[in-house]
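These notes are about the structure you will find just below.
The values are calculated or read from the model by the stated rules, or taken from the named source; none is laboratory data. The structure presented is a predicted model; accordingly, all values stated were derived computationally and were not measured. Quick note on the areas: whole protein, heavy atoms, side chains included, nothing else; ligands and nucleic acids left out. Shrake-Rupley method; radii C 1.70, N 1.55, O 1.52, S 1.80 Å.
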Amino acid sequence: MPKNPKDILNAVKKKTGKSVTEKDIQKLASGVKPSTVQDEAQLRQLIKQVSQLVGINVPEETVKDIIHAVKSSKLDGNNMQQMMNLIMKK
C-alpha cells in the first residue's frame, strides 16, 4: 500500500508507465469533496479526470466497478489517501 505521495506517484508510474507529478495530483485532489464519493456523476467525472491525467482509457465496466467499490466501502471522502489506495487496487 502506498504510504506517502511519492509512493502513490511511483505506483501510478509502475501501473501505467506514465509520470504524474505531485502538483497534478494536488490539482485533481483539490476538486474532490466529501460529496464526490456519494454522487455517481461526480465519481464518473473524477474517474474521467484521472484517466485523462495518466493517459489511459477506462472501460465502462471498470468505471462501474470503481463506482460500486467506492459506494459500498466505508470510504471517508475527506481521506484522499484512502481513496487512492482503493483506486490502486483496481
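Restricting segment 1-39 to residues that are farther than 23 Å from ASP65 by Cα and of a type in the set (Lys, Arg) leaves a set whose member that is modelled with the lowest pLDDT is LYS3.
Scanning segment 51-59 for residues that are closer than 23 Å to SER73 by Cα, open to solvent by 60 Å² or more (accessible area, probe 1.4 Å) and either assigned to a helix (DSSP H, G or I) or of a type in the set (D, E, K, R) (or both) turns up nothing. Here segment 9-39 is the region considered, the condition is being part of a helix (DSSP H, G or I), open to solvent by 80 Å² or more (accessible area, probe 1.4 Å) and not hydroxyl-bearing (Ser, Thr, Tyr), and the residue that is farthest from SER73 (Cα to Cα) is LYS23.
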